[in-house]
Amino acid sequence: MSTYSNFNKTLEARFIKYAKIDTQSDPNSPTCPSTSKQKNLGRELMQELLEIGVSDAEMDENGYVYGTIPSNTHKDLPVIFFCSHMDTSPDCSGENVKPIIHDKYQGQDLVLPDDPKIVIRMADHKDLKHQIGNDIITASGTTLLGADNKAGLAEIMEAAAFFMKNPDVKHGTIKVLFTPDEEIGRGVDKADLKKLGADFGYTIDGETLGSIEDETFSADGATLKIYGVSTHPGFAKGKMESAIKILAEILDTLPKDKLTPETTHQKEGFIHPVSMHGQVEEAEAQFIIRDFTNEKLAAHGQFLEETVKQVMAKYPKSSYTLEIKAQYRNMKEVLDKHPKIVQYGIEAIERAGVVAKQQSIRGGTDGSRLSYMGLPCPNIFAGEHAFHSKQEWVSVQDMEKAVQTIINIACIWEERS
């Protein structure tokens, strides 16, 4: 259905409008959404859904936006949902984003004007070689862009508007779900699946044009607390056992040539300390643990504890606690039981004139959690690149192909049922 190709200007305008709204999430906040400013975008999305004719569009108290595009076929079809998240990463500022359109990119370095030290080079961003002649959107150099995942929001909204304007294009019931706090691992914590009322879905939150991801990391989070012995430093000989130094030694004892994000790729997992703080008496570190199988994930957790015990043996007056909690699991275990969901996604991409790339993702999506909540949910490309950084960019033409893919998915399910 590559004839559905007149999305560029409205799609571009939607995305730029969304990108300018600060929606950075906060992992230290206990609320949902973690930042109230995410609701500013939620209200905008709800209003747009109402304006295009999605009459039941609403945003709930937790910032989730829901809407229904009614079926226009007599066939009894499963209910499909499309999902993207509203928040941007805490890793880089999302305040006062100034999107810049680089028309008809010709392979040049993109120097961002508000900080000329930030340069987007083809040598560093391999996918740019496929963007010659396309329109590239970046931020201005002092913030991230927010294509992760506002590109997905714009694409779903554009597809929804298409369906509402074109009742001759047959499809079953389509649900829209926009979530807060995905970037801090809470994207579906308070999603109302009864209200959503879907059978399965697709997150629109992938990177490279044509990618469909049916496999993610399995993920655990770990909290390590060290309880040392504090005394006056002037009289500490033979008495003090500094929790800070013990924790530093544990981190130093962990491998440096493997089991780290910077030394692994493809299907290799890791143990990654992401924060630490403390005093002499007590110190704490947070870890994320990742791998593609539950067995390897458990082995990494065990290795972490063995390393802690090895170091703690040197400090008999001190103690520790290590708490490991499940975060999400590899969605492939669920999706393999529902092969048509991925197969039709691949066909939808190819109908848009794009080579489909079935891939694993070294990360997770809302779909990882949703799959284990009873809603199988692979991840479709949105076109976002270099996310969580000031070098983030997206191609308008790639976004257009994502819109076509969303439309194609719904149509294929109608045709085949």
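What number of residues in the stretch 119-141 are open to solvent by 30 Å² or more (accessible area, probe 1.4 Å), touching a Gly at 6+ places or on another chain (Cβ under 9 Å) and among the aliphatic types (A, V, I, L, M)?
Result for the stretch 119-141: 2.
If you check Ile226, Ile212, which single one turns out to be under 30 Å from Val311 (Cβ atoms) and in contact (Cβ under 8 Å) with a residue 24 or more places away in the chain?
Numbers: Ile212 fails: under 30 Å from Val311 (Cβ atoms).
The unique qualifying residue is Ile226.
Need pairs with beta-carbon distance below 6 Å; first residue over 22 Å from Thr68 (Cβ atoms) and within the stretch 32-55, second open to solvent by 10 Å² or more (accessible area, probe 1.4 Å); sequence gap 6+ or separate chains.
From the stretch 32-55, the pairs are Cys32/Asn62; Cys32/Lys190; Ser34/Asp26; Thr35/Asp26; Lys37/Asp22; Asn40/Ile21.
Conditions first: (1) part of a strand (DSSP E or B); (2) open to solvent by 30 Å² or more (accessible area, probe 1.4 Å). Phe303 passes all but one, so which condition is the exception?
(1)
From the list Phe270, Phe287, Phe303, which one is in contact (Cβ under 8 Å) with a residue 40 or more places away in the chain and in contact with a Pro (Cβ under 6 Å, 6 or more places away or on another chain)?
On inspection, the qualifying residue turns out to be Phe287.
Checking the condition farther than 24 Å from Leu144 by Cβ and open to solvent by less than 10 Å² (accessible area, probe 1.4 Å), which residue from Ile380, Ile407 passes?
Criteria check complete, one pass: Ile407.
Please work out if Ala283 is over 14 Å from Glu213 (Cα atoms), of a type in the set (A, V, I, L, M) and touching a helix residue (DSSP H, G or I) at 6+ places or on another chain (Cβ under 6 Å). It would help to see each step written out before you state the result.
Details: over 14 Å from Glu213 (Cα atoms): yes; of a type in the set (A, V, I, L, M): yes; touching a helix residue (DSSP H, G or I) at 6+ places or on another chain (Cβ under 6 Å): yes.
Taking the combined requirement at face value, the residue satisfies it.
For the stretch 327-343, how many residues meet the condition of being in a loop (DSSP other than H, G, I, E, B) and either farther than 23 Å from Asp366 by Cα or open to solvent by less than 50 Å² (accessible area, probe 1.4 Å) (or both)?
Count: 2.
Quick one: is Phe163 in contact with a Pro (Cβ under 9 Å, 6 or more places away or on another chain) and at pLDDT 95 or above?
On the way: in contact with a Pro (Cβ under 9 Å, 6 or more places away or on another chain): no; at pLDDT 95 or above: yes.
So Phe163 does not fit the description; no.
Within the stretch 187-241, track down each residue that is open to solvent by 10 Å² or more (accessible area, probe 1.4 Å), in contact with a Ser or Thr (Cβ under 7 Å, 6 or more places away or on another chain) and among the aliphatic types (A, V, I, L, M).
Hits for the stretch 187-241 are Ala191, Val229, Met240.
Which residue out of Val274, Val311, Val355, Val280 is at pLDDT 95 or above, open to solvent by 30 Å² or more (accessible area, probe 1.4 Å), more than 25 Å from Ile412 (Cβ to Cβ) and not hydroxyl-bearing (Ser, Thr, Tyr)? Don't jump to the end; show me each part of the working.
Working: Val274 fails: at pLDDT 95 or above; Val311 fails: open to solvent by 30 Å² or more (accessible area, probe 1.4 Å); Val355 fails: more than 25 Å from Ile412 (Cβ to Cβ).
Exactly one of Val274, Val311, Val355, Val280 is at pLDDT 95 or above, open to solvent by 30 Å² or more (accessible area, probe 1.4 Å), more than 25 Å from Ile412 (Cβ to Cβ) and not hydroxyl-bearing (Ser, Thr, Tyr), namely Val280.
Please go through (1) open to solvent by less than 80 Å² (accessible area, probe 1.4 Å); (2) out of contact with any helix residue (DSSP H, G or I) (no Cβ under 9 Å at 6 or more places or on another chain); (3) in a helix (DSSP H, G or I) for Gly363 and return the number of the only condition it doesn't satisfy.
Among (1) open to solvent by less than 80 Å² (accessible area, probe 1.4 Å); (2) out of contact with any helix residue (DSSP H, G or I) (no Cβ under 9 Å at 6 or more places or on another chain); (3) in a helix (DSSP H, G or I), Gly363 violates only (3).
Please work out if Ser29 is part of a loop (DSSP other than H, G, I, E, B) and within 25 Å of Glu95 (Cα to Cα).
Details: part of a loop (DSSP other than H, G, I, E, B): yes; within 25 Å of Glu95 (Cα to Cα): yes.
Criteria met by Ser29.
Could you list, in sequence order, all residues of the stretch 162-186 that are outside any loop (DSSP other than H, G, I, E, B), of a type in the set (Lys, Arg) and either out of contact with any helix residue (DSSP H, G or I) (no Cβ under 7 Å at 6 or more places or on another chain) or open to solvent by less than 10 Å² (accessible area, probe 1.4 Å) (or both)?
Lys165, the sole residue that qualifies.
Could you list, in sequence order, the residues of the stretch 314-326 that are within 30 Å of Glu182 (Cβ to Cβ) and open to solvent by 80 Å² or more (accessible area, probe 1.4 Å)? Full working, then the answer.
First, pick out the residues of the stretch 314-326 that are within 30 Å of Glu182 (Cβ to Cβ): 321-326.
Those that are within 30 Å of Glu182 (Cβ to Cβ) and open to solvent by 80 Å² or more (accessible area, probe 1.4 Å): Glu323, Lys325.
Within the stretch 142-158, does at least one residue satisfy the condition of being open to solvent by less than 10 Å² (accessible area, probe 1.4 Å), out of contact with any helix residue (DSSP H, G or I) (no Cβ under 8 Å at 6 or more places or on another chain), closer than 27 Å to Arg362 by Cβ and part of a loop (DSSP other than H, G, I, E, B)?
Scanning the stretch 142-158 turns up at least one residue that is open to solvent by less than 10 Å² (accessible area, probe 1.4 Å), out of contact with any helix residue (DSSP H, G or I) (no Cβ under 8 Å at 6 or more places or on another chain), closer than 27 Å to Arg362 by Cβ and part of a loop (DSSP other than H, G, I, E, B).
Does Thr10 satisfy the criteria of being among the hydroxyl-bearing types (Ser, Thr, Tyr), surrounded by fewer than 19 Cβ atoms within 10 Å (Cβ to Cβ) and in a helix (DSSP H, G or I)?
Values: among the hydroxyl-bearing types (Ser, Thr, Tyr): yes; surrounded by fewer than 19 Cβ atoms within 10 Å (Cβ to Cβ): yes; in a helix (DSSP H, G or I): yes.
In short, yes.
Mind checking whether some residue in the stretch 389-407 is of a type in the set (D, E, K, R), part of a helix (DSSP H, G or I), more than 23 Å from Gly141 (Cβ to Cβ) and in contact (Cβ under 8 Å) with a residue 12 or more places away in the chain? Break it down stepwise before answering.
Applying the first criterion (of a type in the set (D, E, K, R)) to the stretch 389-407 yields 390, 392, 398, 400-401.
So of that shortlist, the ones also part of a helix (DSSP H, G or I) come out as 398, 400-401.
Now narrow it down to the ones that are more than 23 Å from Gly141 (Cβ to Cβ): 400-401.
Remaining after also requiring in contact (Cβ under 8 Å) with a residue 12 or more places away in the chain: 400-401.
Among the residues of the stretch 389-407, at least one is of a type in the set (D, E, K, R), part of a helix (DSSP H, G or I), more than 23 Å from Gly141 (Cβ to Cβ) and in contact (Cβ under 8 Å) with a residue 12 or more places away in the chain, which makes the answer yes.
Which members of the stretch 245-269 meet the condition of being under 33 Å from the mean Cα position of the chain (by Cα), more than 19 Å from Lys296 (Cβ to Cβ) and surrounded by 12 or more Cβ atoms within 10 Å (Cβ to Cβ)? Steps first, answer last, please.
Start the filter on the stretch 245-269 by keeping residues that are under 33 Å from the mean Cα position of the chain (by Cα), which leaves 247-269.
Still in the list and also more than 19 Å from Lys296 (Cβ to Cβ): 247-253, 256.
Of everything in the stretch 245-269, those that are under 33 Å from the mean Cα position of the chain (by Cα), more than 19 Å from Lys296 (Cβ to Cβ) and surrounded by 12 or more Cβ atoms within 10 Å (Cβ to Cβ) turn out to be Leu247, Ala248, Glu249, Ile250, Leu251, Thr253.
Checking the condition open to solvent by 30 Å² or more (accessible area, probe 1.4 Å), of a type outside the set (S, T, N, Q), farther than 30 Å from Lys170 by Cβ and in contact with a His (Cβ under 6 Å, 6 or more places away or on another chain), which residue from Asp114, Asp91 passes?
Values: Asp114 fails: in contact with a His (Cβ under 6 Å, 6 or more places away or on another chain).
Of Asp114, Asp91, the one residue that is open to solvent by 30 Å² or more (accessible area, probe 1.4 Å), of a type outside the set (S, T, N, Q), farther than 30 Å from Lys170 by Cβ and in contact with a His (Cβ under 6 Å, 6 or more places away or on another chain) is Asp91.
Give the number of residues within the stretch 61-88 that are surrounded by 14 or more Cβ atoms within 10 Å (Cβ to Cβ) and of a type in the set (D, E, K, R).
Counting residues in the stretch 61-88 that are surrounded by 14 or more Cβ atoms within 10 Å (Cβ to Cβ) and of a type in the set (D, E, K, R) gives 1.
The values are calculated or read from the model by the stated rules, or taken from the named source; none is laboratory data. Note that this is a predicted model, so its numbers are computed, not measured. As a convention, Cβ positions derive from the backbone with ideal geometry for all residues, glycine included, and neighbour counts pool all protein chains shown. We work out accessible area using only protein heavy atoms, side chains counted, and drop any ligands, DNA or RNA first. Shrake-Rupley method; radii C 1.70, N 1.55, O 1.52, S 1.80 Å.
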